[in-house]
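The values are calculated or read from the model by the stated rules, or taken from the named source; none is laboratory data. Worth saying up front: this structure is predicted, and the values here are computed from it rather than measured. When we count neighbours, we look across all protein chains shown, and the Cβ atoms used for this are built from the backbone with ideal geometry, even at glycine. Surface areas here come from the heavy atoms of the whole protein model, side chains and all, with no ligands, DNA or RNA. Shrake-Rupley method; radii C 1.70, N 1.55, O 1.52, S 1.80 Å.
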Amino acid sequence: MLSAPLFVDVRAGAVASLGTLLTDLQIARQGRVAVAVGPSQGDGICEELRIDGAEVLRIPNGTLAAAVELGQRLRAGQFEAIAGIGGGKTIDVAKFAAHMAGIPMVAVTTSLGHDGIASPVSTLRHESGTGSYGVVMPAAVLVDLDRVRSAPAALSTAGIGDAISDLSAVADWELAAAEAGEHIDGLAVAMARSAALVVLHQPGLARDDEFLTVLAESLILSGMAMAVAGSSRPASGGDHEIMHAINQLYPGTASHGELAGVGALFCSYLRQDEAKVELISACLGRHGLPRTPGDLGLSDADFAKAVAYAPRTRPGRYTILEHLDLSEAQLADHVGAYVKTVAG
Ligand SMILES: [Zn+2]
């Protein structure tokens, strides 16, 4: 069985329809709605919403502790529903808290940094790193293009990297099916691959409404692919292992989507898939996204070290990295050749 949002709306000004949506879908019959917003969100959003009786709760950060505290407040306040308005962190915290309180959650996305918009996974920071927690799928997903456009440009372009990394993740899944007998879900593969290809081939730049709509739909589809698969498999392979490794070894290097994009390009290179390397490299380059260790501010040796460490970030996931099982010295040679290929 597939759990999917009851309602998906991607357009300019989508946030204004939140109030009617909550009533129409009977998500909150008595109007006991909590609205979770991040620290950067101005008070203006509350006036714009016009939901009578809604209580605004500010989320200090994207930690597990903040999510647990919010979950307790939701239970104590006997809320019927929560709307999370913001970027990735706010949505992740609200999703986890809603799951904990057993109430529906509406995701109102204001940036397109990664594919957690419509996914049953919440990614939160804790004492020793970052954890991914299985949660209930948002009941509705709104993407407000006006707000996406006014968010820093880097946020949306980063989502491009996360979207196209699905192509690499799917290749890893197919490899795991062929080499390790892992079960593969054809519908999840179809959704994840389509999500990546549509962004890869979409002309225009990330500020155009047409491009942003395609990107939003791609990220929603990618999240749905994870819901179909029952795991992050269709959207997270060696590409995301490299991202987690860089985050652990060199915190603060770059965003989720930027690192996923580089990881996908490097994994495609290791697969010797020249056509994909060319396509992904051209797309990342066109949108000004990083492609090489140097673009990330890392040395080639730092990057090789992270790739060697990457399989430890996700034990049990078979990808091109586990398949080739290269030493750090072997990887250093590959990274050198990779940089020459990509940088021309
Ligand atoms: Zn991702």
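Please list, ordered by residue number, the helices (runs of 4 or more DSSP H) wholly in segment 6-95 having 2 or more residues that are open to solvent by 80 Å² or more (accessible area, probe 1.4 Å) and over 25 Å from Arg149 (Cβ atoms). Break it down stepwise before answering.
Working: elements: 18-24, 44-49, 64-76.
Helices (runs of 4 or more DSSP H) meeting the threshold: 18-24, 64-76.
Condition check ((1) modelled with pLDDT of 90 or more; (2) farther than 25 Å from Arg314 by Cβ) across all residues:
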| position | (1), (2) |
| --- | --- |
| Gly131 | no, no |
| Ala139 | yes, yes |
| Asp144 | yes, yes |
| Val148 | yes, yes |
| Pro152 | no, yes |
| Ser156 | no, yes |
| Gly159 | yes, no |
| Asp166 | yes, no |
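Reported count of residues in segment 206-223, each being within 14 Å of the ligand (Cβ to nearest atom) and either more than 20 Å from Ser156 (Cα to Cα) or aliphatic (A, V, I, L, M) (or both), is 4. Looking across segment 135-151, the residues that are farther than 24 Å from Gly77 by Cβ and open to solvent by 50 Å² or more (accessible area, probe 1.4 Å) come down to Asp146, Arg147, Arg149, Ser150. With respect to (1) under 26 Å from the mean Cα position of the chain (by Cα); (2) more than 20 Å from Ala176 (Cα to Cα), the lone exception for Thr319 is condition (2).
State whether the residues of segment 2-17 include one that is farther than 22 Å from Ile220 by Cβ and of a type outside the set (Gly, Ala, Ser). Taking every residue of segment 2-17 in turn, none turns out to be farther than 22 Å from Ile220 by Cβ and of a type outside the set (Gly, Ala, Ser). Confirm whether Val342 is in contact with a Ser or Thr (Cβ under 8 Å, 6 or more places away or on another chain) and touching a residue at least 60 places away in the same chain (Cβ under 8 Å). Here the answer is yes, as Val342 does meet what is asked.
The sole residue among Ala216, Ala227, Ala195 that is in contact (Cβ under 8 Å) with a residue 12 or more places away in the chain and in contact with a helix residue (DSSP H, G or I) (Cβ under 6 Å, 6 or more places away or on another chain) is Ala195.
Within segment 170-177, not a single residue is closer than 24 Å to Val106 by Cβ, out of contact with any Gly (no Cβ under 9 Å at 6 or more places or on another chain) and open to solvent by 20 Å² or more (accessible area, probe 1.4 Å). Residues in segment 316-336 that are over 29 Å from Ser231 (Cα atoms) and open to solvent by less than 40 Å² (accessible area, probe 1.4 Å): 2 in all. For segment 108-134, filtered to residues that are closer than 24 Å to Ser17 by Cβ and away from the ligand (no atom under 16 Å from the Cβ), the residue that is surrounded by the most Cβ atoms within 10 Å (Cβ to Cβ) is Val108. Just one of the listed residues (Leu321, Leu279, Leu289) is at pLDDT 95 or above and outside any helix (DSSP H, G or I), namely Leu289.
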